[in-house]
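Asker: Have a look at the structure that comes next, please.
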Amino acid sequence: MRKLILYIAASINGKIARKDGAVDWLESIPNPDQSDYGYQAFYNSIDTTIMGYNTYAQIIGWDIAFPYSGKKNFVVTRKQDPPQSTDVNFVTENHTPFIEALKQQPGTDIWLIGGGQLNTALFNAGLIDEIQLFVMPIVLPDGIEVFEAVPQEALLNLEEAKSYASGAVLLKYATR
């Protein structure tokens, strides 16, 4: 079975984006060794992405080419008539059964890009298999949390901890 992996960066106080969804703060963190934090290896290990509608809207608002071309991309939304896109498929109902079935299909792992509401919904449904959280050396005064709303209490198993010259720390957890 394919793993659903939440691969995400957050501030020390758990914010994944500013209140308006901006992630410009990531660019302000010095990166003396020009590390990609394992991004390319991770990206090469997945063939599918899942994100919430607000995350998708933020990405297309960057006015760049869609960054996940060549992957199967799904946007989970409650909107019944989302705009058409050649880059993504919209999942407008039966979100949990859809992702359960997706995990059973042949392929490599699945990247849960976010955001906070979707992270919580999928975590509470027991669908996230692994969390790769990059804790960045910054405190944000407000913003979107890794888990918005109320996540269920759960103990996680630390599989890896790695620090970077930038002050970022990777915490890799198995959820079961």
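The values are calculated or read from the model by the stated rules, or taken from the named source; none is laboratory data. Model, not experiment: these values are computed from the prediction. As a convention, Cβ positions derive from the backbone with ideal geometry for all residues, glycine included, and neighbour counts pool all protein chains shown.
Asker: Right, LEU140: over 16 Å from the mean Cα position of the chain (by Cα) and surrounded by 13 or more Cβ atoms within 10 Å (Cβ to Cβ) or not?
Answerer: yes
Asker: May I ask you to say which residue of TYR173, TYR164 is touching a residue at least 40 places away in the same chain (Cβ under 8 Å), farther than 15 Å from ILE5 by Cβ and not acidic (Asp, Glu)?
Answerer: TYR164
Asker: Something else now. Could you list, in sequence order, the residues of the stretch 1-42 that are assigned to a helix (DSSP H, G or I), closer than 18 Å to TYR173 by Cα and either aromatic (Phe, Trp, Tyr) or within 12 Å of the chain's Cα centre (by Cα) (or both)?
Answerer: So in the stretch 1-42, the residues assigned to a helix (DSSP H, G or I) come out as 24-28, 39-42.
From what is left, the residues that are closer than 18 Å to TYR173 by Cα are 39, 41-42.
Residues satisfying the conditions are TYR39, PHE42.
Asker: Would you check which residues across the stretch 17-35 are farther than 23 Å from ILE144 by Cβ and surrounded by 10 or more Cβ atoms within 10 Å (Cβ to Cβ) and list them?
Answerer: SER35
Asker: What number of residues within the stretch 43-77 satisfy the criterion of being surrounded by fewer than 16 Cβ atoms within 10 Å (Cβ to Cβ), part of a loop (DSSP other than H, G, I, E, B), at negative phi and not aromatic (Phe, Trp, Tyr)?
Answerer: Number of matching residues: 6.
Asker: Any residue at all in the stretch 43-54 that's over 23 Å from ALA161 (Cα atoms), more than 13 Å from the chain's Cα centre (by Cα) and without any contact (Cβ under 8 Å) to a residue 24 or more places away in the chain?
Answerer: No, the conditions are met nowhere in the stretch 43-54.
Asker: Would you confirm whether any residue within the stretch 6-25 is on the phi > 0 side of the Ramachandran plot, of a type in the set (D, E, K, R) and free of Cβ contacts under 8 Å to residues at least 12 places away in the same chain?
Answerer: Checked against the condition, which is being on the phi > 0 side of the Ramachandran plot, of a type in the set (D, E, K, R) and free of Cβ contacts under 8 Å to residues at least 12 places away in the same chain, the stretch 6-25 yields no hits at all.
Asker: Filter the stretch 89-132 down to residues that are in a loop (DSSP other than H, G, I, E, B) and aliphatic (A, V, I, L, M) and give me whichever is farthest from ALA161 (Cα to Cα).
Answerer: Filtering first and then ranking leaves ALA125.
Asker: Going by the structure shown, is GLU159 among the acidic types (Asp, Glu), over 23 Å from GLN40 (Cα atoms) and either at pLDDT 95 or above or part of a strand (DSSP E or B) (or both)? Steps first, answer last, please.
Answerer: On the way: among the acidic types (Asp, Glu): yes; over 23 Å from GLN40 (Cα atoms): no; either at pLDDT 95 or above or part of a strand (DSSP E or B) (or both): yes.
Answer is no for this residue.
Asker: Somewhere in the stretch 57-69, is a residue more than 24 Å from PHE134 (Cβ to Cβ), modelled with pLDDT of 95 or more and not aliphatic (A, V, I, L, M)?
Answerer: no
Asker: Answer yes or no: is there a residue in the stretch 93-103 that is closer than 17 Å to THR120 by Cβ, surrounded by 17 or more Cβ atoms within 10 Å (Cβ to Cβ), touching a residue at least 24 places away in the same chain (Cβ under 8 Å) and more than 15 Å from the chain's Cα centre (by Cα).
Answerer: Checked the stretch 93-103: at least one residue is closer than 17 Å to THR120 by Cβ, surrounded by 17 or more Cβ atoms within 10 Å (Cβ to Cβ), touching a residue at least 24 places away in the same chain (Cβ under 8 Å) and more than 15 Å from the chain's Cα centre (by Cα).
Asker: Among the numbered criteria (1) in contact with a Phe, Trp or Tyr (Cβ under 7 Å, 6 or more places away or on another chain); (2) surrounded by fewer than 18 Cβ atoms within 10 Å (Cβ to Cβ), which one does GLY126 miss?
Answerer: Answer for GLY126: the failing condition is (1).
Asker: Which numbered condition in (1) polar (S, T, N, Q); (2) surrounded by 13 or more Cβ atoms within 10 Å (Cβ to Cβ); (3) farther than 24 Å from ALA121 by Cβ is the only one that GLN84 fails?
Answerer: (2)
Asker: Given the conditions (1) assigned to a loop (DSSP other than H, G, I, E, B); (2) under 18 Å from the mean Cα position of the chain (by Cα), report the number of the one that VAL135 does not fulfil.
Answerer: (1)
Asker: Something else about it: Assess whether ASP129 counts as being of a type in the set (Asp, Glu) and closer than 22 Å to GLU27 by Cα.
Answerer: Numbers: of a type in the set (Asp, Glu): yes; closer than 22 Å to GLU27 by Cα: no.
No: the conditions fail for ASP129.
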